[in-house]
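Working notes, structure below.
The values are calculated or read from the model by the stated rules, or taken from the named source; none is laboratory data. As the structure is a computational prediction, the values presented were derived from the model and not from experiment. Using ideal geometry, Cβ is built from the backbone for each residue, glycine included, and neighbour counts are taken over all protein chains shown.
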Amino acid sequence: MKLPHKAHVAIVDGEIFIVMRNEGSPFEPRLGRQHRPDLTATNFSAGVKHQDDIGQLRGATDLHELAHGAAAAEWLNAKAIAGEIRDLLVIADPKTLGEMRRHYHSELQKRLVDEIDKTMTGETSKRIETAIVQA
C-alpha cells in the first residue's frame, strides 16, 4: 500500500486507540509520534443490533468494545472536520472496524486512504509498518 508522507494511522480495537504519523516515504512507511487520545465511550447505541441475550451471555458481543469503536470514529470525525487530518489509514479488528464505519462522517470518508481489518494494537511499529506495506 502507498501511505502518504505525514498520513495519520489510527490503530484501534475494542479497548485501545492509538494515532501515529507516517514519517517515512509512501512506499517505506516509518511510524512515529504516537498519541493515545482519551476517549469516553458514550454511544452505547453502537451495539443496538448486538443486544440479544444469547450473544451477551456467550460473550460474543461486548457493548463497551463497540462503544469504544464508535468513540474512536467520533474523535477521528472531529479531527477531519477541523482539518487536522488530511490522509488517514485505519487499522482495526474486523468487529471494531465494522462499527467504526457506521459512524464515519462524510468529511472523514474523503480523507480515508485505506482500511486494514486486522488486530494490530499490541504490535510493534515495525510489524505495523510491514502490515501496511503488504496491504
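So, Arg86, is that one surrounded by fewer than 20 Cβ atoms within 10 Å (Cβ to Cβ), touching a helix residue (DSSP H, G or I) at 6+ places or on another chain (Cβ under 8 Å) and either modelled with pLDDT of 95 or more or in a strand (DSSP E or B) (or both) or not?
yes
Considering only residues that are crowded, with 17+ Cβ neighbours inside 10 Å, farther than 18 Å from Thr119 by Cα and at pLDDT 90 or above, which ones fall in the stretch 22-51?
Selection gives Asn22, Pro29.
Inside the stretch 52-70, can you point out the residues that are surrounded by 12 or more Cβ atoms within 10 Å (Cβ to Cβ) and either in a loop (DSSP other than H, G, I, E, B) or at pLDDT 95 or above (or both)?
Thr61, Asp62 - these are the residues of the stretch 52-70 that are surrounded by 12 or more Cβ atoms within 10 Å (Cβ to Cβ) and either in a loop (DSSP other than H, G, I, E, B) or at pLDDT 95 or above (or both).
If I filter the stretch 98-110 down to residues being surrounded by fewer than 21 Cβ atoms within 10 Å (Cβ to Cβ) and in a helix (DSSP H, G or I), which single residue comes out as modelled with the lowest pLDDT?
Here the residue is Gly98.
So which of Lys95, Lys79 is under 26 Å from Pro4 (Cβ atoms) and either modelled with pLDDT under 65 or charged (D, E, K, R) (or both)?
Being under 26 Å from Pro4 (Cβ atoms) and either modelled with pLDDT under 65 or charged (D, E, K, R) (or both) holds for just one of Lys95, Lys79, which is Lys79.
Which residues, counting only those in the stretch 71-83, are hydrophobic (A, V, I, L, M, F, W, C) and assigned to a loop (DSSP other than H, G, I, E, B)?
Applying the first criterion (hydrophobic (A, V, I, L, M, F, W, C)) to the stretch 71-83 yields 71-73, 75-76, 78, 80-82.
Selection gives Ala82 alone.
Any residue in the stretch 117-125 that is closer than 17 Å to Ile18 by Cβ, surrounded by fewer than 15 Cβ atoms within 10 Å (Cβ to Cβ) and out of contact with any strand residue (DSSP E or B) (no Cβ under 9 Å at 6 or more places or on another chain)?
Within the stretch 117-125, one or more residues are closer than 17 Å to Ile18 by Cβ, surrounded by fewer than 15 Cβ atoms within 10 Å (Cβ to Cβ) and out of contact with any strand residue (DSSP E or B) (no Cβ under 9 Å at 6 or more places or on another chain).
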